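For reference, the structure is listed below as structure tokens.
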Amino acid sequence: MNPNAQTFRWWESGIVYQIYPRSFLDSSGDGIGDLAGIRQKLDYLQWLGVDAVWISPIYPSPMADFGYDVSDYTDIDAIFGSLLDFDTLLADVHARGMKLLLDYVPNHTSDRHPWFIEAKSSRSSAKRDWYIWRDAAPDGGPPNNWRSNFGGAAWTWDKATGQYFYHAFLKEQPDLNWRNVAVQQAMLDVLRFWLNRGVDGFRVDVMHHLAKDRQYRDNPPNPDFRPGMSPYRELLTTHSVDLPEVHEIVALMRAVVDEYDDRMLVGEIYLPLERLMAYYGASGEGAHLPFNFQLLRLPWDAKGVATVVERYEALLPSYAWPNWVLGNHDKPRIATRIGAAQARVAAMLLLTLRGTPTMYYGDEIGMHDVPIAPDQVRDPFEKNVPGLGLGRDPVRTPMQWTGGDGAGFTTGLPWLPLADDFTANNVAVLRDQPNSILSLYHRLIELRRAEPALSVGAFAALPVSDNVMAYMRKAGDRRLLIVLNFAAHACGFDLSMLEAQAEVLLSTHLDRHQEQLGDNLQLRGDEGVIIELR
């Protein structure tokens, strides 16, 4: 935590780093990352300067959706290690002054979870109502037109008991019925299990899915659907997602977390900004940080980004803390979306906007999407909806640690193929290059930790041009100006309006430091700068 920001909580002043555990480091040689591998790289994460580590699911699972189909919420899958390995990792994280967040998957279980096995054993099962069962429509088909996120109908027929069960994702991921009080208690006890072990918080998977329409009405058609989109988007999710009752469930989770000191909730919520704000709760009883995914979805231009940043800031409730995300395990990597040069500008944007930044493993070394041959596809989304480029394997490939065999990730065969440029783009090589993107991330994080203006300071937008976005961060008398060039060609920025002496603290090119500026700042193509104003 920034030493000058004690009044702010760790999740406000800090930086979160997401690890996709299958792909971070394999300590056993089986080609799949594990908890022992994460432990081996904690010194790296400490050097990088992040404050919290979020680990995607590590619970026992048949791996139909690589851990998001949970068969036991209170254990560790043998692929990743054991509960002892987890406790050791947690202790080591805490010993380095960092926090640890777990993925919490409350919307659905695996179809091999004992709860579902019991629920489908009989219509009179004590756990039947723990899941969502419906009779067939009059024509024998599904109860309504709801779609699965992964393609096809969201209902699967259970021949043995003569009803359909609902699954917002794979049929191997039946949805829990959160209207059932017993489900609520069981799932809240899952939170307590991990909180009692010392976990610092949770990223809550698909938080906006947790309540469904009581009448199970058909969803209306989406007038904005176009060919090439996911089939899921043919319908609006009016009756299956983001219902008002969701906020009652989130409040229950928040109440449990608040039973413990200094813990937090992050919500995965893909919604427009206006609807996202409700997930903070009417008076702050919701998620501490409803994930803000705007930078994952926007066209990359100065005016568009600046407009969204200002709108987000304007919509935030007075009690809410902002957050920003550039990449995650479901969306194309930033270097692929906007190119390697602009990825450096994006790094400066992420780490200088007001709010908590979440980094995705490998973005700090410029990792890009890796093409996956048809016979190497692992993602069920791509298998169910082929040909649309929706598969997530390209963004989940192994972390590139060295230029040696297996990229330093594994001594075996990696579960997904390595990038073809890993011999040049890896931690070992880039850490020794003073102008590399890894060096840029390290310098940015170092500066952010040293400057309360960047970590917790106030935000003020400045006029934007076609290609240049600028804003101020301020704490006390300290004023820092951030100017970002979204173009590949040189651009100027007028400093005279600020009536201050200006000195460059950091450039994304890492070659301008303590440079005194006059009335006009000249930015090279694909350059961002942080400027001290006096």
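Taking the options ASP103, ASP69, name whichever one is assigned by TED's automatic domain parsing to the domain that holds TYR441, touching a residue at least 60 places away in the same chain (Cβ under 8 Å) and buried (at least 24 other Cβ atoms within 10 Å of the Cβ).
Values: ASP103 fails: buried (at least 24 other Cβ atoms within 10 Å of the Cβ).
Going through ASP103, ASP69 in turn, the sole match is ASP69.
Criterion first (within 30 Å of TYR17 (Cβ to Cβ) and touching a strand residue (DSSP E or B) at 6+ places or on another chain (Cβ under 6 Å)) does ASP189 satisfy it? Give the derivation first.
Details: within 30 Å of TYR17 (Cβ to Cβ): yes; touching a strand residue (DSSP E or B) at 6+ places or on another chain (Cβ under 6 Å): no.
No, not satisfied.
Quick one: in segment 499-528, of everything that is assigned to a strand (DSSP E or B) and in contact (Cβ under 8 Å) with a residue 60 or more places away in the chain, which residue is surrounded by the fewest Cβ atoms within 10 Å (Cβ to Cβ)? So that I can check it myself, show each step before the final result.
Of segment 499-528, the ones assigned to a strand (DSSP E or B) are 502-507, 515-517, 520-523, 528.
If we keep only those that are in contact (Cβ under 8 Å) with a residue 60 or more places away in the chain as well, we get 506, 528.
Details: LEU506: 22, GLY528: 27.
Within segment 499-528, the match that is surrounded by the fewest Cβ atoms within 10 Å (Cβ to Cβ) is LEU506.
For VAL377, are the conditions met, namely being free of Cβ contacts under 8 Å to residues at least 24 places away in the same chain, touching a Lys or Arg at 6+ places or on another chain (Cβ under 8 Å) and not charged (D, E, K, R)? Before the answer, list the steps.
On the way: free of Cβ contacts under 8 Å to residues at least 24 places away in the same chain: yes; touching a Lys or Arg at 6+ places or on another chain (Cβ under 8 Å): yes; not charged (D, E, K, R): yes.
Answer is yes for this residue.
Any idea which residue in segment 242-300 is surrounded by the most Cβ atoms within 10 Å (Cβ to Cβ), counting only those that are of a type in the set (D, E, K, R) and closer than 21 Å to GLN185 by Cβ? So that I can check it myself, show each step before the final result.
Applying the first criterion (of a type in the set (D, E, K, R)) to segment 242-300 yields 242, 245, 248, 254, 258-259, 261-263, 268, 274-275, 285, 297.
Then drop every residue that is not closer than 21 Å to GLN185 by Cβ, which leaves 245, 248, 254, 258-259, 263, 285.
Numbers: GLU245: 14, GLU248: 14, ARG254: 18, ASP258: 13, GLU259: 10, ARG263: 21, GLU285: 15.
Result: ARG263.
Quick one: how many residues across segment 476-498 are loosely packed, with under 15 Cβ neighbours inside 10 Å, touching a Leu at 6+ places or on another chain (Cβ under 9 Å) and either of a type in the set (Gly, Ala, Ser) or assigned to a loop (DSSP other than H, G, I, E, B) (or both)? Lay out the reasoning, then the answer.
First pass over segment 476-498, keeping only residues loosely packed, with under 15 Cβ neighbours inside 10 Å: 476-477, 488-490, 492, 494, 496-497.
Going one step further and asking which of them are touching a Leu at 6+ places or on another chain (Cβ under 9 Å), we end up with 490, 492, 494, 497.
Right, trim to either of a type in the set (Gly, Ala, Ser) or assigned to a loop (DSSP other than H, G, I, E, B) (or both) and you get 490, 492.
Residues flagged as loosely packed, with under 15 Cβ neighbours inside 10 Å, touching a Leu at 6+ places or on another chain (Cβ under 9 Å) and either of a type in the set (Gly, Ala, Ser) or assigned to a loop (DSSP other than H, G, I, E, B) (or both) within segment 476-498 amount to 2.
Inspect all residues belonging to segment 449-460 and state whether any of them is farther than 18 Å from GLU499 by Cα, small (Gly, Ala, Ser) and surrounded by fewer than 16 Cβ atoms within 10 Å (Cβ to Cβ). Talk me through it step by step, then tell me what you get.
Quick first cut of segment 449-460, residues farther than 18 Å from GLU499 by Cα only: 449-459.
This time we only want the ones that are small (Gly, Ala, Ser), so: 450, 453, 455, 457-458.
Checking the rest, the ones that are also surrounded by fewer than 16 Cβ atoms within 10 Å (Cβ to Cβ) come to 450, 458.
Yes, there is a match, as at least one residue in segment 449-460 is farther than 18 Å from GLU499 by Cα, small (Gly, Ala, Ser) and surrounded by fewer than 16 Cβ atoms within 10 Å (Cβ to Cβ).
If I filter segment 362-372 for residues that are touching a residue at least 40 places away in the same chain (Cβ under 8 Å), farther than 24 Å from GLY49 by Cα, in the same structural domain as LEU273 (by TED's automatic domain parsing) and surrounded by fewer than 23 Cβ atoms within 10 Å (Cβ to Cβ), do I get at least one hit?
Yes.
Across segment 362-382, what is the number of residues that are under 22 Å from SER230 (Cβ atoms) and either polar (S, T, N, Q) or in contact with a Gly (Cβ under 8 Å, 6 or more places away or on another chain) (or both)?
Residues in segment 362-382 being under 22 Å from SER230 (Cβ atoms) and either polar (S, T, N, Q) or in contact with a Gly (Cβ under 8 Å, 6 or more places away or on another chain) (or both): 6 in total.
Determine whether VAL377 is buried (at least 19 other Cβ atoms within 10 Å of the Cβ) and either of a type outside the set (S, T, N, Q) or not assigned by TED's automatic domain parsing to the domain that holds PRO57 (or both).
So VAL377 does not fit the description; no.
If you go through segment 117-133 one residue at a time, do you hit one that is over 25 Å from TYR232 (Cβ atoms), touching a helix residue (DSSP H, G or I) at 6+ places or on another chain (Cβ under 6 Å) and of a type in the set (Asp, Glu)?
no
How about segment 111-210: which strands (runs of 3 or more DSSP E) wholly inside it have at least 1 residues that are at pLDDT below 95 and surrounded by fewer than 16 Cβ atoms within 10 Å (Cβ to Cβ)? I'd like the intermediate steps shown before the answer.
On the way: elements: 155-158, 163-166, 201-204.
Output list is empty.
Assess whether ASP218 counts as being acidic (Asp, Glu), at positive phi and either more than 25 Å from the chain's Cα centre (by Cα) or in a loop (DSSP other than H, G, I, E, B) (or both).
Working: acidic (Asp, Glu): yes; at positive phi: no; either more than 25 Å from the chain's Cα centre (by Cα) or in a loop (DSSP other than H, G, I, E, B) (or both): yes.
Against the criterion (acidic (Asp, Glu), at positive phi and either more than 25 Å from the chain's Cα centre (by Cα) or in a loop (DSSP other than H, G, I, E, B) (or both)), ASP218 does not qualify.
Does segment 401-417 include one or more residues that are in contact with a Cys (Cβ under 6 Å, 6 or more places away or on another chain), farther than 17 Å from ASP363 by Cα and either of a type outside the set (Gly, Ala, Ser) or surrounded by 20 or more Cβ atoms within 10 Å (Cβ to Cβ) (or both)? Spell out the reasoning first.
Of all residues in segment 401-417, those in contact with a Cys (Cβ under 6 Å, 6 or more places away or on another chain) come to none.
Within segment 401-417, not a single residue is in contact with a Cys (Cβ under 6 Å, 6 or more places away or on another chain), farther than 17 Å from ASP363 by Cα and either of a type outside the set (Gly, Ala, Ser) or surrounded by 20 or more Cβ atoms within 10 Å (Cβ to Cβ) (or both).
Does at least one position in segment 495-518 carry a residue that is at pLDDT below 95 and closer than 29 Å to LEU315 by Cβ?
Within segment 495-518, one or more residues are at pLDDT below 95 and closer than 29 Å to LEU315 by Cβ.
The values are calculated or read from the model by the stated rules, or taken from the named source; none is laboratory data. The model shown is predicted, which means the values in this text are computed figures rather than measured ones. Every residue, glycine as well, gets a Cβ built from its backbone with ideal geometry; the counts of neighbours run over all protein chains shown.
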